[in-house]
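Please treat every number below as a calculation from the coordinates, not as lab data. Quick caveat, the model's predicted, so the values are computed rather than measured. Positions of Cβ are backbone-derived with ideal geometry, glycine not excepted, and every protein chain shown enters the neighbour counts.
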Protein chains: 2
Amino acid sequence: MAQPGEKRKREDDTNNGGTEDKDNAAREVENPLPGFRLSAVLRESARDKTIFLHGQVSGDDEAKEDAVVILERAPFQAESVSDLLGKNPPMTLQLKNDIYGVYHLSPPPELNEVKATVIRPATEKHIKKYLRQEVYLIQESGEDYKNITLPFIQAQSFSIQWVYNILEKKAEADRIVYENADPENGFVLLPDFKWNQKQVEDLYLIAICHKRGIKSLRDLTADHLPLLRNIMKEGKEAILKRFGLQGNQLRIYLHYQPSYYHLHVHFTALGHDAPGTTVERAHLLNDVIQNIEMDSRYYETRTLTYALREDEALLKSFKDAGKF
Amino acid sequence: MAQPGEKRKREDDTNNGGTEDKDNAAREVENPLPGFRLSAVLRESARDKTIFLHGQVSGDDEAKEDAVVILERAPFQAESVSDLLGKNPPMTLQLKNDIYGVYHLSPPPELNEVKATVIRPATEKHIKKYLRQEVYLIQESGEDYKNITLPFIQAQSFSIQWVYNILEKKAEADRIVYENADPENGFVLLPDFKWNQKQVEDLYLIAICHKRGIKSLRDLTADHLPLLRNIMKEGKEAILKRFGLQGNQLRIYLHYQPSYYHLHVHFTALGHDAPGTTVERAHLLNDVIQNIEMDSRYYETRTLTYALREDEALLKSFKDAGKF
């Protein structure tokens, strides 16, 4: 749903800081992909208008370095496209049949932004993460979690320094939409990288809890109900206040498996078909709260279903344990 | 009617005719949207990068005329984007954190085509067809089900004669993939209409139980465990035998709300992003079985979350009951 007013408001905010020079200076950067050469297309989606590339670039000392580049076209903004159409832009006819016509239109560059996410240097793990693979469902019992998944997570020791940077305001502090600073039951709420904040139609925010050591859904017990209820209630309120979407227009959920093992909750616009909202990955926060209220050990003992790609190391652990 | 995939196919056909001069001549046209003024945004998808607009244009005799305009950004082509990245295009930094950077890139116009489908003159029917309805989440408690939803279902008396025709072999008998004929714990398995059966990538079958009167998830108790386990086990076996997909490559789930009130279970290929697989509509059969094993009255008492469109009659019932 287009909320042109909202859009304008946020753009104005950006320009209202009075620090325009500083902002502009911060935006001038050297090319992040010097000497880029494509190694492989990891994945692409014609529906989503995204492409995931693995390439090599020249590093600081001219040594080659791996990079992952994710390109995604921008969603349309109603106001700017209707302005454009009102100005009689050149349109090339492709076909015409009765009342239907198909044309090609090349809007000016400012209406054609592409978002480029660059991961550099990229490790083998990053490259694998984006490579399209066959997927399989795992039925992980409480015992499987203790014997297979937990040791796997501990052995991997994924870095979540970037999460701590956010919580400690060492990075992205200006992006925080809301904070409850309580170390036990507090959290920060900020826009997900996937959302450009220009339209609420694909609104996507993440609540990250302050407390460390809650790895995932599996660790949640009745002790965490105050935290979960805070995220539910205050997250909805903050989103209503800042972006004008009501609580019943939001899908609020956790991932299992999550992509990083520090508890976080996803908030997406209900009308937005965001990735990771399918039943084999998403768990509604409302259901999670109900389940823990019913049985504090629900997520310790429950068999949880999720999908793993063929090349994921965790699948290998299940295979090694004779469970796949 | 605009079906983007369909249209793309037809464009290729048009260009293959070997009548290039004629084609080029045909491509020079006057502006199809003279004096375009936006009336409404009918629908947009940030994920698909599409927007559906209703506008008014100046007709032949200067009278105003309704038009529907559908804009869709082009998918990326690997070759052209990797060429572009190799040429050090200007990229504007949006944010940087550790090894991750997000940039904006404005590719040249030839890499930024937008497909515009124009329907003109558009009737009321065209406009309604593309109008997106707002969706809202409902939290339906066990009491809400008894007081609002059940009376609504009973009053509607949706016809499910077509389901009985299948179960009695009066229709679609040749499409049945598998049957367990037990009247209490049996079911028929057949392909969903959405699946053309030509490739397993988007495999989609439905299991319909023989027993009548089980309207939905809400009616399931421990009495139905043998039926549910049969559907799970025999459904997987039949699909492996006929289509070669293993049980762990299948997403097996129920809808709540379902689209018809006779118990049925969906089987889709795990890699297929089928409609109705999001967490606010789909319930994994494996979870349903576990929940009933734990508490036979789970689905009688549980608060269930689902989405309703603004114009759906059930939403009106919730409004009338003061629950929305």
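Computed FRET efficiency, Cβ-Cβ of residue A:104 and residue B:134, R0 45 Å: what is it to the nearest 0.05?
Values: r = 32 Å, r/R0 = 0.71.
So, using R0 = 45 Å, E works out to roughly 0.90.
When Cβ neighbours within 10 Å are restricted to other protein chains, what is their mean count per residue of peptide B:299-308? Intermediate values should be presented prior to the final figure.
Details: counts 0, 0, 1, 4, 4, 4, 8, 0, 5, 1.
The per-residue average across the peptide is 3.
Can you give me the Kirkwood hydrodynamic radius for chain A, using every pair of distinct Cα atoms, in Å to one decimal? Intermediate values should be presented prior to the final figure.
Values: mean 1/r = 0.0443 Å⁻¹.
Computed over Cα pairs of chain A, the Kirkwood hydrodynamic radius comes out at 22.6 Å.
Please state the shape class of the range B:241-281: rounded when a/c is under 1.5, otherwise prolate if a/b exceeds b/c and oblate if not, all from the C-alpha gyration tensor.
The shape class here is oblate.
For residue B:260 and residue B:196 in one chain, what is 0.36 nm times their gap in residues minus the Cα-Cα distance, to one decimal in nm? All intermediate terms of the calculation are to be shown ahead of the outcome.
On the way: separation 64, 0.36 × 64 = 23.04 nm, distance 2.17 nm.
Extending this stretch completely gives an extra 20.9 nm.
Looking at the range B:169-224, which chymotrypsin sites (Phe, Trp or Tyr not before Pro) are DSSP coil and have at most 16 other C-beta atoms within 10 Å of their C-beta? Don't skip to the answer; put the middle values down first.
On the way: sites: B:178, B:187, B:193, B:195, B:204; in loops: B:193, B:195.
The qualifying sites are B:193.
Using only the Cα atoms of the protein assembly as shown, construct the convex hull and provide its projected area averaged over every direction, in square nanometres to one decimal.
Values: hull surface 130.6 nm².
That works out to 32.6 nm².
Restricting to Cα atoms and excluding each atom paired with itself, what does the Kirkwood estimate give for the range B:120-178 in Å?
Values: mean 1/r = 0.0621 Å⁻¹.
Over the range B:120-178, the inverse of the mean reciprocal pair distance is 16.1 Å.
If we count GluC sites (Glu not before Pro) as exposed when they sit in a DSSP loop and have at most 16 other beta carbons within 10 Å, what is the longest stretch of chain A that avoids them all? Spell out each step's value before the answer.
On the way: sites that count: A:28, A:30, A:62, A:134, A:168, A:184, A:310.
Formally, the longest exposed-site-free interval is A:185-309.
Could I have the simple spin-label model distance between residue A:64 and residue A:152, label points 7 Å from Cα toward Cβ, reported in nm to one decimal?
In this crude spin-label approximation the distance works out to 3.2 nm.
Bin all alpha-carbon pair distances of the range B:234-324 at 10 Å intervals from 0 and give each bin's fraction as a whole percent.
Computed distribution, short to long bins: 14, 38, 32, 13, 3, 0.
Put +1 on the Cβ of each Lys and Arg and -1 on the Cβ of each Asp and Glu in the protein assembly as shown; which of A:195, B:150, B:195 then has its Cα farthest toward the positive end of the dipole?
B:150
Using a Gaussian network model of chain B whose springs link C-alpha atoms within less than 10 Å, name the residue from B:163, B:102, B:81 with the highest mean-square fluctuation.
B:102
Inverting the mean 1/r over all pairs of different Cα atoms, compute the Kirkwood radius of the range A:133-320 and quote it in Å. Mind showing how you got there, number by number?
Numbers: mean 1/r = 0.0580 Å⁻¹.
Final number for the Kirkwood radius of the range A:133-320 is 17.3 Å.
Can you give me the distance in nm between label points at residue A:162 and residue B:323, each placed 7 Å from the Cα along the Cα-to-Cβ direction?
For residue A:162 paired with residue B:323, the spin-label model returns 4.2 nm.
Let me have the 222 nm mean residue ellipticity of chain A computed from DSSP H runs of 4+ only, each contributing -39500 (n - 2.57), with the sum over all residues rounded to the nearest 500.
-8000 deg cm²/dmol
Rounded to the nearest 10 degrees, what's the angle between the helix A:285-294 long axis and the longest principal axis of chain A, both from Cα atoms, 0 to 90?
10 degrees
If you line up the Cα atoms of the range A:162-201 on their principal axes, what length do they span on each, largest first, in Å?
33, 19, 14
Between residue B:241 and residue B:297, what is the FRET efficiency for a Förster distance of 30 Å, r being their Cβ-Cβ separation, to the nearest 0.05?
Values: r = 36 Å, r/R0 = 1.21.
For residue B:241 and residue B:297, the calculated efficiency is 0.25.
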